[in-house]
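K.L.:
Could you have a look at this structure, given as structure tokens, before my questions?
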């Protein structure tokens with residue numbers, strides 16, 4: 001592992017670092033940051049959010065941690081049960097009650113420019129965010145994690161070639177490639193999920209590979225080998241349990257990144273087709289009324305902000321708990 | 001040094017080739033015929049147009065030959081022609097590029113100007129009131145996408161205060177002051193996420209540097225704090241900041257699509273966005289290629305700069321550089 005860690009102990013960096021970064025990457029701390037490529041990369045916020053705090057502050061963090069968890073639970077629950085909740089039809093227009101302010105009769109959060117209930121649209125929009133983020137992260141995590149585990153375990157030229165190819169994908173600026181691909185494959189929930197999922201494969205592969213490299217050198221792997229365990233058994237029985245948690249913690253932070261990405265696409269009108277509500281498209285619609293009524297844009301924006309914030313926070317806390325380096329594994 | 005640059009440039013060649021290959025394949029491996037994708041459903045009945053596209057894109061040649069021809073054209077500055085607007089793709093890009101570059105440069109300058117003092121101040125009194133509030137605020141800023149930030153700024157500075165124009169662009173050559181006014185809000189909305197990232201990064205690195213012996217020596221010599229921070233601690237703390245600035249260019253490019261759309265700026269992002277909506281695939285291909293090549297080269301330059309700043313890297317074996 002790089003010697004830079006010895007000289008700069010407080011630098012909290014993810015366990016994605018190693019000695020050979022194929023696409024002409026720099027050495028030392030630069031390499032540690034070079035692994036975080038395009039905008040799809042979840043590791044950047046994770047790295048920067050980690051702060052070594054005092055005992056008093058960590059107790060404060062504990063309260064916020066539970067608040068964040070509760071908020072996320074509410075969002076997930078509402079998204080899952082939106083069809084059965086006593087909500088108005090998110091697409092039903094009520095042109096008499098256009099732009100009703102929050103807390104008005106029958107519309108707790110008011111109505112939008114076509115008189116549609118904002119609360120209902122938020123609930124159904126949460127569904128889009130949830131589906132895209134969870135499935136895209138799962139795809140990235142499964143495919144990338146498997147690739148990373150395999151190349152980190154078997155090494156050799158196969159590893160060099162694979163990592164080089166994955167780095168080429170990271171050489172594209174994330175959102176630009178995403179936009180280009182959406183233009184070609186079309187806009188649907190499935191297409192967007194697949195594109196985002198596969199674009200994030202390199203990141204997970206890097207995390208999984210770096211963690212595998214570290215785990216493969218442990219004594220218990222040597223012990224297993226001495227006992228005559230097969231490659232498969234070592235990979236899945238000894239190494240996988242140590243790789244899965246760090247990768248999953250990165251995946252959690254990535255949820256927030258994907259929610260933002262989908263929001264940006266929706267804001268540009270490139271996510272799922274109208275009139276299906278998504279948070280991003282609600283913000284985009286609210287923008288047209290910004291000079292007269294602000295709640296149209298700011299309520300969905302606040303919900304999205306709180307959700308991403310909560311995901312970042314929970315992900316950050318869990319990540320620092322499962323980080324190979326911090327737990328001195 | 002020259003050797004280092006040459007090696008770096010050489011190592012970028014295969015990456016650029018692979019990137020161009022992927023961009024080329026995006027258009028050519030789509031389901032359905034290429035001319036259907038390029039022309040769109042409206043023009044397919046016109047046999048002359050179909051024949052023209054087939055000849056232009058050499059669709060009768062095998063894939064590798066087509067790639068070679070396309071790459072050769074791209075290298076000489078010919079990215080084809082839009083079949084929707086009839087405009088030359090290279091001309092369209094040349095028209096739009098300065099606007100995006102200006103926004104990006106301004107945004108980067110803003111981000112660095114805000115985050116470097118903040119990072120130094122928070123690192124110097126780590127754990128203090130300023131540090132805690134800035135660290136908290138930047139954590140929040142990481143959760144604000146650039147389109148949300150842009151919306152907030154529009155609401156605050158254009159709708160409520162009326163200080164800056166909400167949309168529109170004035171060219172630098174027409175009126176420099178108005179140009180800055182129209183560029184300020186887009187640049188700021190892209191900069192704020194980077195402010196959060198840069199500040200946190202510099203703070204962490206700076207805290208480490210401030211524990212070094214050379215800082216202790218400077219302090220014992222009685223040098224004033226600002227001098228220690230700027231002259232002795234900033235440079236050794238800025239390496240990761242430099243690298244991340246290079247990577248931030250990628251996010252700026254993506255963010256440019258959004259803010260150019262929001263503020264109605266005639267830049268590359270807008271070109272890409274409009275092309276996507278018109279399904280003008282030749283333009284999409286050209287813009288993605290130019291943006292990506294620019295991003296790869298920019299990061300290559302950052303890598304070289306990195307070893308200029310840090311002599312320790314120069315002394316290592318050049319194969320690693």
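K.L.:
Among the residues in segment A:161-174, are any more than 14 Å from chain B (Cβ to nearest Cβ) and either assigned to a helix (DSSP H, G or I) or under 22 Å from residue A:308 (Cα atoms) (or both)? Show your work before the answer.
P.N.:
As a first pass, look at segment A:161-174 and keep what is more than 14 Å from chain B (Cβ to nearest Cβ): none.
No, segment A:161-174 contains no residue that is more than 14 Å from chain B (Cβ to nearest Cβ) and either assigned to a helix (DSSP H, G or I) or under 22 Å from residue A:308 (Cα atoms) (or both).
K.L.:
Among the listed residues B:216, B:210, B:192, B:172, which satisfies the condition of being over 26 Å from residue B:251 (Cβ atoms), touching a helix residue (DSSP H, G or I) at 6+ places or on another chain (Cβ under 9 Å) and more than 9 Å from every other protein chain (Cβ to nearest Cβ)?
P.N.:
Working: B:216 fails: touching a helix residue (DSSP H, G or I) at 6+ places or on another chain (Cβ under 9 Å); B:192 fails: over 26 Å from residue B:251 (Cβ atoms); B:172 fails: over 26 Å from residue B:251 (Cβ atoms).
Just one listed residue meets the conditions, B:210.
K.L.:
Which count do you get for residues in segment A:206-227 that are out of contact with any helix residue (DSSP H, G or I) (no Cβ under 9 Å at 6 or more places or on another chain) and closer than 20 Å to residue A:142 by Cα?
P.N.:
Going through segment A:206-227 one residue at a time, the tally reaches 0.
K.L.:
Given the criterion outside any helix (DSSP H, G or I), in the same structural domain as residue A:89 (by TED's automatic domain parsing) and under 19 Å from residue A:304 (Cα atoms), identify the matching residue among A:253, A:272, A:260. So that I can check it myself, show each step before the final result.
P.N.:
Details: A:253 fails: outside any helix (DSSP H, G or I); A:260 fails: outside any helix (DSSP H, G or I).
Just one listed residue meets the conditions, A:272.
K.L.:
Identify the single condition in (1) out of contact with any helix residue (DSSP H, G or I) (no Cβ under 7 Å at 6 or more places or on another chain); (2) more than 11 Å from chain A (Cβ to nearest Cβ); (3) free of Cβ contacts under 8 Å to residues at least 12 places away in the same chain that residue B:312 does not satisfy, given that it satisfies every other one.
P.N.:
Only one criterion in (1) out of contact with any helix residue (DSSP H, G or I) (no Cβ under 7 Å at 6 or more places or on another chain); (2) more than 11 Å from chain A (Cβ to nearest Cβ); (3) free of Cβ contacts under 8 Å to residues at least 12 places away in the same chain is unmet by residue B:312, namely (2).
K.L.:
Which of the residues that make up segment B:122-139 are within 11 Å of chain A (Cβ to nearest Cβ) and not in a helix (DSSP H, G or I)?
P.N.:
Of everything in segment B:122-139, those that are within 11 Å of chain A (Cβ to nearest Cβ) and not in a helix (DSSP H, G or I) turn out to be B:126, B:127.
K.L.:
Going by the conditions given, is residue B:300 within 10 Å of another protein chain (Cβ to nearest Cβ) and surrounded by fewer than 24 Cβ atoms within 10 Å (Cβ to Cβ)?
P.N.:
Values: within 10 Å of another protein chain (Cβ to nearest Cβ): yes; surrounded by fewer than 24 Cβ atoms within 10 Å (Cβ to Cβ): yes.
When the stated conditions are applied, residue B:300 passes them.
K.L.:
Something else now. For segment A:278-295, give me the residue count where each residue is within 11 Å of another protein chain (Cβ to nearest Cβ) and assigned to a helix (DSSP H, G or I).
P.N.:
Matching residues across segment A:278-295 total 6.
K.L.:
I would also like to ask the following. State all residues of segment B:252-279 that are touching a residue at least 60 places away in the same chain (Cβ under 8 Å), in a helix (DSSP H, G or I) and farther than 18 Å from residue B:99 by Cβ; if no residue qualifies, say none. Before the answer, list the steps.
P.N.:
Quick first cut of segment B:252-279, residues touching a residue at least 60 places away in the same chain (Cβ under 8 Å) only: B:252-253, B:255-256, B:258-260, B:262-271, B:275, B:278-279.
Checking the rest, the ones that are also in a helix (DSSP H, G or I) come to B:252-253, B:255-256, B:258-260, B:262, B:268-271, B:275, B:278.
Across segment B:252-279, the qualifying residue is only B:278.
K.L.:
Might you check whether a residue that is part of a helix (DSSP H, G or I), over 16 Å from the mean Cα position of the chain (by Cα) and within 14 Å of chain B (Cβ to nearest Cβ) occurs anywhere in segment A:238-250?
P.N.:
No - not one qualifying residue is present in segment A:238-250.
K.L.:
Does residue A:310 count as in a helix (DSSP H, G or I), in contact (Cβ under 8 Å) with a residue 24 or more places away in the chain, touching a helix residue (DSSP H, G or I) at 6+ places or on another chain (Cβ under 8 Å) and more than 25 Å from residue A:202 (Cβ to Cβ)?
P.N.:
Values: in a helix (DSSP H, G or I): yes; in contact (Cβ under 8 Å) with a residue 24 or more places away in the chain: yes; touching a helix residue (DSSP H, G or I) at 6+ places or on another chain (Cβ under 8 Å): yes; more than 25 Å from residue A:202 (Cβ to Cβ): yes.
Yes; evaluated as a whole, the condition is true for this residue.
K.L.:
Within segment A:137-156, is there a residue that is at pLDDT 80 or above, within 14 Å of chain B (Cβ to nearest Cβ) and part of a helix (DSSP H, G or I)? First the steps, then the outcome.
P.N.:
Step one: of segment A:137-156, the residues at pLDDT 80 or above are A:137-156.
The next check asks that each one be within 14 Å of chain B (Cβ to nearest Cβ); those that pass are none.
No: zero hits.
K.L.:
Within segment B:144-168, count every residue that is over 13 Å from residue B:186 (Cα atoms) and more than 9 Å from chain A (Cβ to nearest Cβ).
P.N.:
5
K.L.:
Please give the number of the condition residue B:272 fails out of (1) within 7 Å of another protein chain (Cβ to nearest Cβ); (2) closer than 29 Å to residue B:205 by Cβ.
P.N.:
(2)
K.L.:
Could you identify the single residue in A:144, A:180, A:140 that is buried (at least 24 other Cβ atoms within 10 Å of the Cβ) and more than 20 Å from the chain's Cα centre (by Cα)? Before you say what the answer is, go through the steps one by one.
P.N.:
Values: A:144 fails: more than 20 Å from the chain's Cα centre (by Cα); A:140 fails: more than 20 Å from the chain's Cα centre (by Cα).
None of the other options fit; the residue is A:180.
K.L.:
Just to be sure, is residue B:115 assigned to a helix (DSSP H, G or I), within 14 Å of chain A (Cβ to nearest Cβ) and modelled with pLDDT of 90 or more?
P.N.:
It is true that residue B:115 is assigned to a helix (DSSP H, G or I), within 14 Å of chain A (Cβ to nearest Cβ) and modelled with pLDDT of 90 or more.
K.L.:
Here's another thing I want to ask about it. So which of A:196, A:203 ends up being away from chain B (no Cβ under 11 Å), at pLDDT below 90 and touching a helix residue (DSSP H, G or I) at 6+ places or on another chain (Cβ under 6 Å)? Show your work before the answer.
P.N.:
On the way: A:203 fails: touching a helix residue (DSSP H, G or I) at 6+ places or on another chain (Cβ under 6 Å).
Exactly one of A:196, A:203 is away from chain B (no Cβ under 11 Å), at pLDDT below 90 and touching a helix residue (DSSP H, G or I) at 6+ places or on another chain (Cβ under 6 Å), namely A:196.
K.L.:
Limited to segment A:127-164, what total is found for residues that are touching a helix residue (DSSP H, G or I) at 6+ places or on another chain (Cβ under 7 Å) and free of Cβ contacts under 8 Å to residues at least 40 places away in the same chain?
P.N.:
So the answer is 1.
K.L.:
Further, regarding this structure: Suppose we keep only residues that are farther than 17 Å from residue A:176 by Cβ and away from every other protein chain (no Cβ under 12 Å) within segment A:256-277. Which one would you say is nearest to the chain's Cα centre (by Cα)?
P.N.:
Filtering first and then ranking leaves A:272.
K.L.:
Of these, A:274, A:301, which one is modelled with pLDDT under 85, in contact with a helix residue (DSSP H, G or I) (Cβ under 8 Å, 6 or more places away or on another chain) and under 25 Å from residue B:273 (Cα atoms)?
P.N.:
Working: A:301 fails: modelled with pLDDT under 85.
Result: A:274 is the single residue among A:274, A:301 that is modelled with pLDDT under 85, in contact with a helix residue (DSSP H, G or I) (Cβ under 8 Å, 6 or more places away or on another chain) and under 25 Å from residue B:273 (Cα atoms).
K.L.:
Related question: All but one of (1) within 14 Å of another protein chain (Cβ to nearest Cβ); (2) touching a residue at least 24 places away in the same chain (Cβ under 8 Å); (3) in a helix (DSSP H, G or I) hold for residue A:215; state the number of the condition that does not hold.
P.N.:
It fails just one condition, (1).
K.L.:
Restricting attention to segment A:278-292, does a residue exist that is farther than 26 Å from residue A:179 by Cα and in contact (Cβ under 8 Å) with a residue 40 or more places away in the chain?
P.N.:
yes
K.L.:
Something else about it: Check whether at least one residue in segment A:222-240 is surrounded by 22 or more Cβ atoms within 10 Å (Cβ to Cβ) and in the same structural domain as residue A:275 (by TED's automatic domain parsing), and report yes or no. Quick ask: steps written out before the conclusion?
P.N.:
Quick first cut of segment A:222-240, residues surrounded by 22 or more Cβ atoms within 10 Å (Cβ to Cβ) only: A:239.
Subsequent filtering for residues that are in the same structural domain as residue A:275 (by TED's automatic domain parsing) retains A:239.
Yes.
K.L.:
Let me ask something additional. So which residues in segment B:252-261 are buried (at least 24 other Cβ atoms within 10 Å of the Cβ) and facing another protein chain (nearest Cβ under 10 Å)?
P.N.:
Our first condition is that a residue be buried (at least 24 other Cβ atoms within 10 Å of the Cβ); within segment B:252-261, this holds for B:252-260.
Those that are buried (at least 24 other Cβ atoms within 10 Å of the Cβ) and facing another protein chain (nearest Cβ under 10 Å): B:252, B:253, B:254, B:255, B:256, B:257, B:258.
The values are calculated or read from the model by the stated rules, or taken from the named source; none is laboratory data. Keep in mind that what you see is a predicted model, and the values were worked out from it rather than measured. Virtual Cβ from ideal backbone geometry, glycine too; neighbours counted across all protein chains shown.
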